[in-house]
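See structure below.
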Amino acid sequence: MKIPTYDNQLLNLAEDLARRLLPAFDSPTGIPFGSVNLLYGVDEHESKITSTAGGGTLTLEFGILSRLTNDPVFEQVTKNAVRGLWARRSKLNLVGAHINIFSGEWTQKDAGIGTSIDSFYEYLLKAYLLFGDEEYLFIFQEAYAAAMHYLYNDPWYVEVNMDSAAIVWPLFNSLQAFWPGLQVLAGDIDPAIRTHTAFFSVWKRYGFTPEGFNLATLTVQHGQKSYPLRPELIESTYWLYKATRDPRYLDAGRDMVASLQYGARCPCGYCHISDVEFQKQEDHMESFFLAETVKYLWLLFDLAVGPDNLVENGPYKYVFSTEGHLLPATPQISLVREHCMYFGAFCKSGNKQDSHTSDVTNQETNETRLYGSWDPSGLALDPTLFNTSPTSGFIKGVCPGLTHGQRFGISYVASTDTTHENQPTNQSSDSDSENKNYHDNYRESSERKSKSDPPEE
């Protein structure tokens with residue numbers, strides 16, 4: 001398969017790297033090891049414990065690679081990993097944070113949308129958007145409905161026990177902030193707006209979002225006071241502005257730029273904030289700051305003044321990987337029909353639709369669905385098409401002679417049964433004319449500034 005305008009640059013290196021990663025998938029469940037030696041394969045002492053996000057966030061990259069190389073093995077192993085995780089969900093359709101990839105037992109049963117789980121949800125929807133594979137949409141519908149029913153405490157999200165739904169961790173952690181953006185892609189705009197408002201209130205309080213904010217005490221969580229320049233809240237701000245054109249998101253973006261410029265700027269780049277309460281800097285900058293944080297800020301403001309970039313005006317629609325890389329939804333890759341906001345059509349509010357009850361392992365599923373205003377476009381799919389088939393042996397045929405690691409423990413976050421307080425948010429919407437005037441003024445002021453400001457040295 002060929003992608004127009006792409007001449008297979010770096011494809012040989014990408015394929016070589018992916019083949020060196022294949023031994024990680026050699027497990028009885030099909031869920032990959034957390035790490036692999038690129039020269040020797042999986043180390044014999046490698047842990048058998050992996051996170052849900054780590055095991056379920058490879059489908060986009062490996063799926064495209066299979067199409068470019070005409071080798072299905074890459075897509076097969078990653079889809080099998082997703083099936084392996086989903087087959088071991090609870091009866092509430094929740095997944096935990098860490099799992100033993102040999103026994104299939106969950107070693108950390110905290111279900112949430114943030115740390116250790118976040119991009120599992122993200123790649124379910126994005127794999128459907130990119131490839132048009134309805135199996136991913138089916139799983140996403142079930143997983144999203146369960147998350148909104150058991151994890152959502154309007155406007156916040158909590159972590160619960162995946163079997164009982166009892167709250168175990170009333171925290172907002174910064175990785176949750178991608179969720180409103182994902183909801184925009186799914187067309188569930190109203191809760192995305194409310195949750196973004198709540199998350200941004202934490203940013204406004206401290207100038208940044210700490211890694212953890214305790215919803216019971218409304219304080220920064222001890223030991224989680226840092227802000228390592230994460231992009232998730234900025235990413236959601238971009239998607240909500242793209243969906244609504246509400247100027248409040250431009251105001252939020254300005255606050256974020258100001259925080260970064262005045263709080264995180266350092267001589268050779270931008271520094272981590274080690275303590276958001278005291279604005280202490282740490283001499284470190286992750287690569288995702290360039291790949292995501294400033295990229296989404298630029299896209300936000302470029303969209304406001306009249307977009308002149310590949311994402312908005314290119315020949316294709318693009319899906320962002322979880323690390324902010326552009327993946328083109330070309331006809332050669334994607335069979336998907338236009339879907340909700342992402343492909344240009346707004347999803348309707350006020351529609352309710354029950355999900356089908358069949359699933360990939362014929363487990364008993366939760367009968368109560370809480371879609372609210374979200375229309376999941378349920379698909380009557382045949383679950384027998386999605387049987388899990390472990391890749392053990394299949395991978396051995398590709399990479400023989402590799403050994404497996406020994407299990408070691410994963411620290412378990414202490415649980416608490418405290419409940420958190422809901423924080424009501426006052427939502428307001430500007431009229432279309434007010435929005436238009438705001439954008440006209442913003443565009444004019446930006447143009448004047450670009451003409452009058454001297455170039456920076």
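Matching residues to (1) under 26 Å from Pro328 (Cβ atoms); (2) charged (D, E, K, R):
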{"site": "Thr29", "(1), (2)": "no, no"}
{"site": "Glu44", "(1), (2)": "no, yes"}
{"site": "Ser47", "(1), (2)": "no, no"}
{"site": "Phe74", "(1), (2)": "yes, no"}
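When the stretch 226-237 is examined, which residues are found to be in a helix (DSSP H, G or I) and not aliphatic (A, V, I, L, M)? Correct list: Glu232, Glu235, Ser236, Thr237.
The residue that is surrounded by the fewest Cβ atoms within 10 Å (Cβ to Cβ), among those in the stretch 210-262 that are farther than 18 Å from Ala304 by Cβ and among the aromatic types (Phe, Trp, Tyr), is Tyr262. Exactly one residue out of Arg89, Arg67 is among the basic types (Lys, Arg) and either touching a His at 6+ places or on another chain (Cβ under 7 Å) or buried (at least 23 other Cβ atoms within 10 Å of the Cβ) (or both): that is Arg89. Could you count how many residues in the stretch 303-315 are part of a helix (DSSP H, G or I) and either surrounded by 15 or more Cβ atoms within 10 Å (Cβ to Cβ) or among the aromatic types (Phe, Trp, Tyr) (or both)? Qualifying residue count for the region: 3. Within the stretch 99-120, the set of residues being over 17 Å from the mean Cα position of the chain (by Cα) and either in a strand (DSSP E or B) or not charged (D, E, K, R) (or both) comprises Ile99, Asn100, Ile101, Phe102, Ser103, Gly104, Trp106, Thr107, Gln108, Asp110.
Restricting Gly223, Gly263 to residues that are in a loop (DSSP other than H, G, I, E, B) and either closer than 23 Å to Ile113 by Cα or out of contact with any helix residue (DSSP H, G or I) (no Cβ under 6 Å at 6 or more places or on another chain) (or both) narrows the list to Gly223.
Considering the stretch 1-83, the qualifying helices (runs of 4 or more DSSP H), each wholly inside and each with 3 or more residues that are more than 30 Å from Met162 (Cβ to Cβ) and more than 25 Å from the chain's Cα centre (by Cα), run over 11-21. Quick one: is Ala252 in contact with a His (Cβ under 9 Å, 6 or more places away or on another chain), within 17 Å of Arg205 (Cα to Cα) and not polar (S, T, N, Q)? Criteria met by Ala252.
FYI, it's all coordinate maths here, none of it is from the lab. Nothing here was measured: the structure is a model prediction, and the numbers come from that model. FYI the Cβ positions are ideal-geometry reconstructions off the backbone, even for glycines, and counts take in every protein chain you see.
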